[in-house]
Structure formats: structure tokens, C-alpha cells
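Report on the following structure.
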Amino acid sequence: MEKNNVFAIIGSPRENGNTAFLTNKLLDLLKDNFKIEKIFLKDYTINSCKECYYCMDNDACSIKDDMQILYDKLREAQVIILSSPIFMGGVTSLMRAFMERTWHLRKGQLKDKIGSYIIVGRRDIGSGLNEMEGYLSRLKMNKLAGVLGFGFHENDVSKDEEALKNVQRLSKQIISLSQTQKMNNQDWIIL
Ligand SMILES: Cc1cc2nc3c(=O)[nH]c(=O)nc-3n(C[C@H](O)[C@H](O)[C@H](O)COP(=O)(O)O)c2cc1C
């Protein structure tokens, strides 16, 4: 049977940083059940929303940059993971730009997807958790509580045992919820 997709979006500028570390751990636990796709937003050209309101009348964004590639990937995924370090008390500007550019998807286009998040800060996560929770609610996804890690230098978060436990918990919840979704989508033959 064809596997469903997990699409992980990383908003850290560091490919070997703490956010990528936890995300890789999660994806490793999911790889037997899902087709995995992981991207770093830093590798994509994502302009900020220009408030043209084209998307009010069109189910699309008028800005023709790399977000167009990401919209397709979002639509194809069954599971969407947003991963970001905390910069200045919130998600990074890379993640923020991405979020703003998905405004036109807030009317339920992603409502059947499972959504969760990973955030990593050094000490003070500020509004980062609320930003992630609020985003997934706004996009009406089936939201699972995310993972919060603490670390500063690369690999610090590998010593955060609570975060590692939460990665395991999240992987189990994702697998279980996706299996329930699959059952619900089956055409039952009632004898
Ligand atoms: C510009 C900048 C701002 C930061 N602001 C915060 C902050 O407000 N709170 C916090 O806990 N950590 C802050 N940090 C620390 C990072 O969140 C931390 O180093 C994190 O592990 C980086 O994740 P990464 O390794 O995945 O890039 C900041 C780091 C940078 C570079």
C-alpha cells in the first residue's frame, strides 16, 4: 500500500542545529510508516506577504516565488510538522514569512491534515508556543501537542531527555491518528 507523506518544514538557518536534531529524531521514528519529506526554509525564496488580498477572491497567492512549490507539498502531505528555533521570543523570520504566506489556506483546505511542531530555545520561548498552536488552529489542522526543547549550541538538545521523550510520544500519536484517519476513510461494506 502506498505510504502517506510527512512534510517537515524547518525554520532554522542551521542544518545541524537543535531544531533539525529533534526533527530528524521524529522523522526517524516515522519513516517506516510514512514517506518523508524534509525541507529547510532557508533554501527557498519566500517573500513576505504584500497584502494585496488577491487570495480573498482566489484560492492562491499572487506572489510567484518558491512558496508555490511548498503549497503543492502542503496539499500532498497527510502530516505537517513545523520546526523552528526561538529567535527574539518567537519563531524565526523564515518561519513567520512562511506562515503569513499560507493565509489563503485557512478556510479548511488543510483541515484533514495532522499538524504538529517542534520548537527549541535557549531559555525563554516567549510567544513561540502560542504562535505554533495558534497557527495550526487557524489552519484548522488536526493538531497534536508539539515538542519543546532547550539548547543553545549545536547538539545541546541531545541532552534534553524530556524533549526526546516527547518526540517519541509525538511519533506514536501521529502514527495512531493517521491509522484512525485511514480506517475512517475506508469504504466499509456492510453485510
Ligand atoms: C537571533 C537570535 C535570537 C535568539 N533569541 C532567543 C530567545 O528569545 N529565546 C531563547 O530561548 N533563545 C533564543 N535564541 C537561541 C536559540 O533559540 C537557540 O540557540 C536554538 O537552539 C537555536 O536552534 P537551532 O540550533 O535549531 O538553530 C536566539 C538565537 C539567535 C541567533
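Structural remarks
- Within region 149-183, the set of residues being within 12 Å of the ligand (Cβ to nearest atom) and under 16 Å from the mean Cα position of the chain (by Cα) comprises Gly149 only.
- Hits in region 115-149 - residues which are buried (at least 22 other Cβ atoms within 10 Å of the Cβ) and of a type in the set (Val, Ile, Thr): Ile118, Ile119, Val120, Val147
- Criterion: of a type in the set (D, E, K, R), outside any loop (DSSP other than H, G, I, E, B) and either touching a Phe, Trp or Tyr at 6+ places or on another chain (Cβ under 9 Å) or within 16 Å of the ligand (Cβ to nearest atom) (or both) - qualifying residue of Lys35, Lys25: Lys25
- Each residue in region 51-77 was checked for being in a loop (DSSP other than H, G, I, E, B) and either over 14 Å from the mean Cα position of the chain (by Cα) or more than 24 Å from Val120 (Cα to Cα) (or both), and 12 pass.
- Between Ile69, Ile63, the distinction of being in contact (Cβ under 8 Å) with a residue 12 or more places away in the chain, out of contact with any Cys (no Cβ under 9 Å at 6 or more places or on another chain) and under 29 Å from Leu129 (Cβ atoms) belongs to Ile69 only.
Results for (1) among the β-branched types (Val, Ile, Thr); (2) closer than 20 Å to Arg75 by Cβ; (3) in contact with a strand residue (DSSP E or B) (Cβ under 7 Å, 6 or more places away or on another chain), shown as yes or no for each residue.
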site	(1), (2), (3)
Gly126	no, no, yes
Glu131	no, no, yes
Asn142	no, yes, yes
Gly146	no, no, yes
Gly149	no, no, yes
Ser158	no, no, no
Glu161	no, no, no
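- Among the residues of this structure, Gly146 counts as one that is within 21 Å of Leu27 (Cα to Cα), under 18 Å from the mean Cα position of the chain (by Cα), more than 13 Å from the ligand (Cβ to nearest atom) and small (Gly, Ala, Ser).
- Lys25 under 15 Å from the mean Cα position of the chain (by Cα), among the basic types (Lys, Arg), at pLDDT 95 or above and buried (at least 17 other Cβ atoms within 10 Å of the Cβ): yes
The values are calculated or read from the model by the stated rules, or taken from the named source; none is laboratory data. Note that the coordinates shown come from a computational prediction; the quantities given were computed from them, not determined experimentally. Cβ: placed from backbone, ideal geometry, glycine included. Neighbour counts: every protein chain shown.
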